[in-house]
Amino acid sequence: MKILFVCTGNTCRSPLAQALMQKTLDDRKIDAECESAGLCCGYGEDVSENSRKIIAEKGIFFTHQSRPVTQNLLDSCDIIVGMTASHKNALSPYVPKEKLFEAKDFIGEEVEDPYGRDISAYRACAVQLEKLAEAIADKIGDKGNQQ
């Protein structure tokens, strides 16, 4: 099973979601992998400084370089999660509806972009993304192979 998180620039929300989701999957011993990509980005940008700080605080080893969404990437994933309705809407022509979601489908709210804000905005984002990771892990449960 492969999960893809999509945001705008692939430097703040989606890489943070990827790192937190992978930790949740590993903690639960669910054999699945995570990816992330952006709708409006190029290749090779580092994860934002504040996202990197939060990932390190959680004790997660994570390396990341931004990349744009491609059709091959979309086709290779089983679950695709946009951070907002606009992300989901942008992807909907390219993804079967049964595998396309937005964060709100799992946690009842969109994940606001913390870009350019202070660390407290990133911490709030991380709280939402941890809830999202738990909800997705609950959903996939047996679909991911137990290790």
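Bear in mind these aren't lab numbers, they're just calculated from the coordinates by the rules spelled out. All figures in this text were calculated on a predicted structure; none of them were measured in a lab. Note: ideal-geometry Cβ built from the backbone for every residue, glycine included; neighbour counts use all protein chains shown.
Brief remarks follow.
- If only the Cβ of Lys and Arg carry +1 and only the Cβ of Asp and Glu carry -1, the dipole of region 1-44 around its Cα centre is close to 100 debye.
- Qualifying chymotrypsin sites (Phe, Trp or Tyr not before Pro) in region 21-116, DSSP loop, other Cβ atoms within 10 Å at most 13: 43, 61, 94
- Of 29/53; 2/131; 58/131; 23/97, pairs whose Cα-Cα distance is over 22 Å: 29/53; 23/97
- 131, 2, 88 arranged by Cβ crowding within 10 Å, fewest neighbours leading: 2, 131, 88
- Only Lys, Arg (+1) and Asp, Glu (-1) charged, at Cβ; the chain dipole about Cα centre in debye: 20
- Three-way shape label, region 2-146, alpha-carbon gyration tensor, a/c 1.5: rounded
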